[in-house]
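Please read the structure below before turning to the comments.
All of the numbers you see were taken from the coordinates with simple rules; none came from a lab. None of the values given here were measured: they were computed from a predicted structure. For neighbour counting, all protein chains shown are included, and Cβ atoms are generated from backbone atoms with ideal geometry for every residue, glycine included.
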Amino acid sequence: MLSVKNLSVYYGLIQAVKNISFEVKTGQIISLIGSNGAGKTSTLNAMLNLVKRKGEINFLGYDTKRHLPHTLVQKGIALVPEGRRVFINLSVEENLKIGAFNNDENYEHLKEQMYKLFPRLKNKKNSLAGNLSGGEAQMLAISRALMSEPKLLMLDEPSLGLAPKIVSEVFEIIIKLKEEGITILLVEQNAFSALKISDYAYVLENGEISMQGVAKELIGDDKVRKKYLGL
Ligand code: ATP
């Protein structure tokens with residue numbers, strides 16, 4: 001579904017991502033793990049051309065190079081950004097409406113699907129997004145992304161700052177989305193939870209891929225266990 005070759009991301013003179021290559025196969029959950037500042041967010045943002053980048057990114061056969069972010073969303077890539085970034089001065093329902101910017105005709109149907117997936121959002125549909133708890137805001141951020149009916153859903157640190165019980169709920173939802181046929185590219189510092197639900201994973205270190213492999217095998221790898229799983 002997604003093929004990335006020799007990707008580099010720059011912020012002025014700083015090179016945050018250094019010539020990395022990876023693939024995301026249809027129907028799988030792929031995770032990028034790594035510590036703070038390893039280049040995970042920069043990599044996700046590069047998929048939507050939100051940052052200055054070099055290299056080739058191919059999504060379902062399209063070269064994404066000259067496409068604007070919203071065009072790439074229309075083609076089927078959606079991002080749940082780090083820190084949720086919901087529109088705090090708008091209601092839950094208005095946030096969902098914005099997520100469906102390319103999808104007016106399916107809005108009502110999709111909205112009901114989101115309320116089925118996250119019943120708590122239905123109870124709060126007229127509340128301001130700024131008044132939601134961290135977990136609810138994460139659910140809203142995921143729903144907003146799903147309103148564009150993506151083929152590839154990218155999630156940036158969805159567990160960040162959430163209570164353990166809510167983290168489990170979020171990971172269960174990710175598994176459910178995979179079962180519904182959505183391909184997932186997941187960025188996480190919570191490496192153990194990410195590897196447990198992933199098919200394949202890449203480890204980013206200082207902007208480079210230092211390791212990759214079948215997720216279950218990485219969980220058993222000594223270096224990964226010591227450095228990223230605290231085991
Ligand atoms: P985190 O978990 O902290 O988000 P990350 O793995 O997602 O880390 P990035 O946010 O992609 O890493 O950052 C990679 C590097 O790029 C870091 O050294 C960071 O300081 C730098 N960086 C990120 N955004 C910018 C920016 N807008 N301007 C300058 N440098 C940046």
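Averaging sequence separations of C-alpha pairs under 8 Å and six or more residues apart, then dividing by the length of the chain, give the relative contact order as a whole percent.
Averaging sequence separation for qualifying contacts and normalising by length gives 28 percent for the chain.
In degrees between 0 and 90, to the nearest 10, how far off the longest principal axis of the chain does helix 164-179 point, with axes built from Cα atoms?
The angle comes out at about 90 degrees.
With springs only between Cα atoms under 10 Å apart, run a GNM on the chain and tell me which of ARG66, ARG120, ARG53 wobbles the most.
ARG66
Projecting each Cα onto the charge dipole of the chain (Lys/Arg +1, Asp/Glu -1 at the beta carbon, about the Cα centre), which of ALA145, PHE87, THR43 comes out farthest on the positive side?
Result: THR43.
Nearest 10 degrees, 0 to 90: what angle lies between the long axis of helix 107-117 and the longest principal axis of the chain (Cα atoms)?
Rounded to the nearest ten degrees, it is 70.
If you rank THR71, THR43, THR64 by fewest surrounding Cβ atoms within 10 Å, what's the result?
Lowest count first: THR71, THR64, THR43.
Count charges around LEU160 for me, please; just the other residues with Cβ under 10 Å from its Cβ, Lys/Arg as +1, Asp/Glu as -1.
Net charge around LEU160: -3.
Connecting C-alpha atoms closer than 10 Å in a GNM of the chain, tell me which of LYS151, LYS54, LYS40 has the biggest fluctuation.
LYS54
Can you work out the PRE-style zone for TYR11? Point 7 Å along Cα to Cβ, and I want the residues of segment 38-52 with backbone N under 14 Å.
38-46, 51-52
Given the pairs LYS5/LYS178; LYS54/LYS165; LYS52/LYS97, which span a C-alpha to C-alpha distance of over 32 angstrom in this model?
Among LYS5/LYS178; LYS54/LYS165; LYS52/LYS97, the Cα-Cα distance tops 32 Å for LYS54/LYS165.
Considering only ALA16, ALA163, ALA201, give the residue with the highest GNM mean-square fluctuation for the chain, with springs between Cα atoms whenever their separation is below 10 Å.
Looking only at ALA16, ALA163, ALA201, the largest GNM fluctuation is found for ALA163.
Indicate the gyration tensor shape class of segment 89-166 (rounded, prolate or oblate), computed on the Cα atoms with a ≥ b ≥ c the square roots of the eigenvalues: a/c under 1.5 is rounded; otherwise a/b larger than b/c is prolate and the rest oblate.
oblate
Compute, for the chain, the length of the dipole vector about the Cα centre, with Cβ point charges of +1 (Lys, Arg) and -1 (Asp, Glu) only. Units Debye, rounded to 20.
340
Which FRET efficiency value, to the nearest 0.05, do you get for GLU169 and ASN102 by plugging their Cβ-Cβ distance into 1/(1 + (r/R0)^6) with R0 = 25 Å?
Step by step, r from the Cβ atoms, then E = 0.35.
About the Cα centre, and with charges only on the beta carbon of Lys, Arg (+1) and Asp, Glu (-1), how big is the dipole of segment 86-149? Nearest 20 debye, please.
The dipole of segment 86-149 has a size of about 300 debye.
Please turn the phi angles of segment 134-144 into ³J(HN,Hα) values with the Karplus equation 6.51 cos²θ - 1.76 cosθ + 1.60 (θ = phi - 60°), one per residue in order, whole Hz, x for glycine and proline.
x, x, 5, 5, 5, 5, 5, 4, 5, 4, 4
Within straight cross-link reach of LYS227, meaning Cα distance under 20 Å, which lysines are found once same-chain residues fewer than 8 apart are removed?
LYS40, LYS196, LYS216
Before rounding to the nearest 500, sum -39500 (n - 2.57) across all DSSP H runs of length at least 4 in the chain and divide by the residue total; then give [θ] at 222 nm in deg cm²/dmol.
The helix contribution divided over the chain gives -10500 deg cm²/dmol.
Extension gain ASP221-ASN123, at 0.36 nm per residue separation less the Cα-Cα distance, in nm?
So the extension gain works out to 30.9 nm.
Applying 1/(1 + (r/R0)^6) with R0 = 35 Å to the Cβ-Cβ distance of GLU180 and SER133, what FRET efficiency is obtained, to the nearest 0.05?
Efficiency, rounded to the nearest 0.05: 0.90.
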